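One structure is given below, encoded as structure tokens.
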Amino acid sequence: VDEARARLRDTFVAVRSRTLALIEPLEVEDLVVQSMPDASPARWHLAHTTWFFESFVLFPFAPGFSPFDPAFGLLFNSYYHALGERWRRPDRGLLSRPTVRRVLEYRRATDERVEALIADARDEDWPRLAERITLGLEHEEQHQELLLMDVKHLLGLNPLGPAYRPECTRPPRAAPPVQLAPLRWIEGPVGAVQIGAAGEAFAFDNEGPRHTTWLQPYALAHRLVSVGEYLAFVEDGGYRRPELWLSDGWATVEREGWEAPLYWRREQGRWSVFSLDGWGPLDATEPVAHVSYFEADAYARWAEARLPTEAEWEALAAGAPVRGNLLESGALHPRPASAEAGGLAQLFGDVWEHTRSAYSPYPGYRPPPGALGEYNGKFMSGQQVLRGGSALTPAAHVRASYRNFFHPHQRWAMQGLRLARDA
Ligand SMILES: [Fe+2]
């Protein structure tokens with residue numbers, strides 16, 4: 001148990017510190033502005049992840065717990081009705097207080113209390129406590145990606161086009177391949193297959209129960225759809241041809257005036273793209289990113305293919321090592337597929353891959369009791385599943401059974417696509 005406590009304490013310190021490292025390049029003004037109702041100020045992410053540890057770790061497990069500031073529950077509870085009133089999400093950017101300084105104090109004080117609890121908890125409480133702290137850390141990692149998505153959106157709409165980090169802190173970039181390998185099709189297992197999380201390792205409730213599903217013959221493209229391929233769709237009038245779009249998708253194109261993925265801009269006939277390193281020219285060999293489900297679906301129809309189902313994706317990803325361009329690479333942007341022979345490339349990292357599967361409960365799914373039942377289960381309507389993680393996802397956070405989900409019109413997450421077809 002002592003060894004397990006030391007290990008969890010180290011992971012706790014590492015994950016909590018990484019959140020702070022992510023805001024290191026930013027100025028205080030960057031931390032408090034909210035760029036749209038779907039996004040939150042970075043300060044809110046810093047505080048909300050801390051509130052999560054107070055509410056789900058300290059409150060139930062620390063004897064005599066009292067909150068750091070009783071008013072913070074209202075401000076930093078995201079969506080847990082069971083835990084009381086909440087400040088409206090679209091209004092998170094209206095508040096100048098608590099200051100960033102105060103929120104950082106809140107983090108420090110809470111970290112100390114959680115670390116003390118890891119050391120002092122009774123042995124009989126340990127398994128349940130460890131499970132809760134692990135959930136808090138997985139939650140924090142989700143918010144690390146959200147924080148970067150939201151910061152990117154905030155900087156991207158600024159006419160100054162500010163970069164998130166100075167040039168000297170960016171990892172070196174390999175020269176892009178002159179040309180990508182043409183798509184190869186890789187067939188997946190057919191018939192009865194098992195999907196879903198199984199075993200000892202952490203998984204969210206929505207990844208289970210593991211169950212049997214049936215797959216018709218299919219194949220997945222060996223790599224992601226590239227910017228160059230997507231540009232051909234744009235230049236072929238993809239955004240002006242309603243026959244390529246789902247009805248809700250076409251309505252969104254018309255309403256929003258979409259002509260290209262989010263963060264693409266055309267000036268004097270030349271396309272550029274915004275990344276966390278600022279504006280730069282489009283690189284045809286990179287995977288396309290920041291396309292909604294509607295756009296991914298329309299592209300797939302134009303390309304005479306389709307999107308994979310989540311079961312098709314998982315059946316081919318299960319057993320593959322979680323390697324790729326994830327947060328730790330420091331790229332913070334998708335990278336071209338390497339020319340390696342055989343197998344599926346870019347399964348993990350680069351971009352979350354759209355699937356045609358609606359986010360719905362697996363057979364036998366029951367949300368956990370209490371407020372934590374609100375974590376995932378109540379969002380199982382009107383959203384689509386995405387798989388595989390992105391260049392903003394911590395490597396330890398993703399796995400083959402991981403189900404991310406967004407509304408079909410949303411595209412500020414680092415989402416892209418891999419084609420599928422019936423075999
Ligand atoms: Fe959250």
Problem - Rg in Å to one decimal, and Dmax rounded to a whole Å, for segment 303-365 via C-alpha atoms - result: 13.9, 42
Practice task
Could you work out how far helix 247-256 tilts from the main Cα principal axis of the chain, as a 0 to 90 degree angle to the nearest 10?
Solution key: 80 degrees
Practice task
Using θ = phi - 60° and the Karplus relation 6.51 cos²θ - 1.76 cosθ + 1.60, list the HN-Hα couplings for segment 174-180 in order, rounded to whole Hz, with x at every Gly or Pro.
Solution key: 5, 4, x, x, 4, 9, 7
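First select every other residue whose beta carbon is under 11 angstrom from the beta carbon of residue 403; then total the charges, Lys and Arg +1, Asp and Glu -1. Mind dumping the intermediate values first?
Numbers: positive: 387, 399; negative: 205, 207, 310, 314.
Here the charged neighbours net out to -2.
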Practice task
With the convex hull built on the Cα atoms of segment 104-183, state its orientation-averaged projected area in nm².
Solution key: 10.8 nm²
Handout entry: Scaled radius of gyration (Cα, divided by 2.2 N^0.38 Å) that segment 248-316 gives
Key = 1.31
Handout entry: Packing-based ranking, highest mean first, of 172-180, 14-22, 307-315, 102-110 given that Cβ atoms within 10 Å are counted
Key = 307-315, 102-110, 14-22, 172-180
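Only bridges whose two residues both fall in the chain count here: according to DSSP, what percent of them are antiparallel, nearest 5? Walk me through the numbers before you get to the answer.
Values: 27 of 31 bridges.
Taking every DSSP beta bridge with both residues in the chain, the antiparallel ones total about 85 percent.
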Exercise for the section: Please report the orientation-averaged projected area of segment 141-246, defined via the convex hull of its C-alpha atoms, in nm². Expected result: 12.5 nm²
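How high is the FRET efficiency between residue 119 and residue 211 when r is their beta carbon distance and R₀ equals 41 Å, given to the nearest 0.05? It would help to have the intermediate numbers written out before the result.
Numbers: r = 40 Å, r/R0 = 0.97.
According to the calculation, E is roughly 0.55.
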Exercise for the section: Can you tell me the 0 to 90 degree angle between the C-alpha axis of helix 2-23 and the longest principal axis of the chain, rounded to 10? Expected result: 60 degrees
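Trypsin sites (Lys or Arg not before Pro), restricted to segment 252-345: which are DSSP loop and have at most 10 other Cβ atoms within 10 Å?
On the way: sites: 255, 265, 266, 270, 301, 306, 323; in loops: 323.
Here the trypsin sites (Lys or Arg not before Pro) that fit, given the DSSP loop and packing criteria, are 323.
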Completion exercise
Bounding extents of the chain in its principal axis frame from Cα atoms, largest first in Å, are 64, 53, 40
Practice task
Give a residue-ordered list of calculated ³J(HN,Hα) values for segment 326-332 (Karplus: 6.51 cos²θ - 1.76 cosθ + 1.60, θ = phi - 60°; whole Hz; x for Gly, Pro).
Solution key: 9, 3, 5, 5, x, 5, 6
Problem - Local electrostatic count, residue 417, Cβ distance below 15 Å [Lys/Arg +1, Asp/Glu -1] - result: -1
Exercise for the section: Taking 7 Å along the Cα-to-C-beta vector as the label spot, tell me the residue 338-residue 158 distance in nanometres, rounded to one decimal. Expected result: 3.5 nm
Fill in the blank from the handout: Normalised Cα Rg of segment 157-216, dividing by 2.2 N^0.38 Å with N its residue count, works out at 2.08
Exercise for the section: With a probe of 1.4 Å, find how much accessible area the chain has per residue, and write the answer as a whole number in Å². Expected result: 45 Å²
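Where does each of 242-249, 74-81, 391-398 land if you order them by average Cβ count within 10 Å, highest first?
391-398, 74-81, 242-249
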Practice task
Report, to the nearest 10°, how far helix 293-302 tilts away from the longest principal axis of the Cα atoms in the chain, using its own Cα long axis and a range of 0 to 90°.
Solution key: 20 degrees
Problem - Ratio of the Cα radius of gyration of segment 49-119 to 2.2 N^0.38 Å, where N counts its residues - result: 1.13
Completion exercise
For segment 386-398, in residue order, the Karplus 3J(HN,Hα) values (coefficients 6.51, -1.76, 1.60; θ = phi - 60°; whole Hz; Gly and Pro = x) are 10, 10, x, x, 9, 5, 10, 9, x, 4, 6, 8, 10
Exercise for the section: Figure the gain on full extension for residue 86 and residue 259 (residue separation times 0.36 nm, minus the Cα-Cα span) and round it to one decimal in nm. Expected result: 58.6 nm
Problem - Protein accessible area in the chain, 1.4 Å probe - carbon and sulfur % - result: 53 percent
Exercise for the section: Sticking with the crude label model, points 7 Å out along Cα→Cβ, report the distance from residue 79 to residue 380 in nm, one decimal please. Expected result: 1.4 nm
Problem - Whole-angstrom gap from segment 129-158 to segment 57-72, using each part's C-alpha centre - result: 22 Å
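Can you give the calculated 222 nm mean residue ellipticity of the chain, where each DSSP H run of n ≥ 4 adds -39,500 (n - 2.57) and the sum is split over every residue, rounded to the nearest 500 deg cm²/dmol? Show your work: numbers first, answer last.
Details: 9 runs with 128 residues, N = 423.
Theoretical 222 nm ellipticity from helices: -10000 deg cm²/dmol.
The values are calculated or read from the model by the stated rules, or taken from the named source; none is laboratory data. Model, not experiment: these values are computed from the prediction. Neighbour counts are summed over all protein chains in view; Cβ atoms, including those assigned to glycine, are modelled from backbone coordinates with ideal geometry. For accessibility, only protein heavy atoms count, side chains too; no ligands or nucleic acids. Shrake-Rupley method; radii C 1.70, N 1.55, O 1.52, S 1.80 Å.
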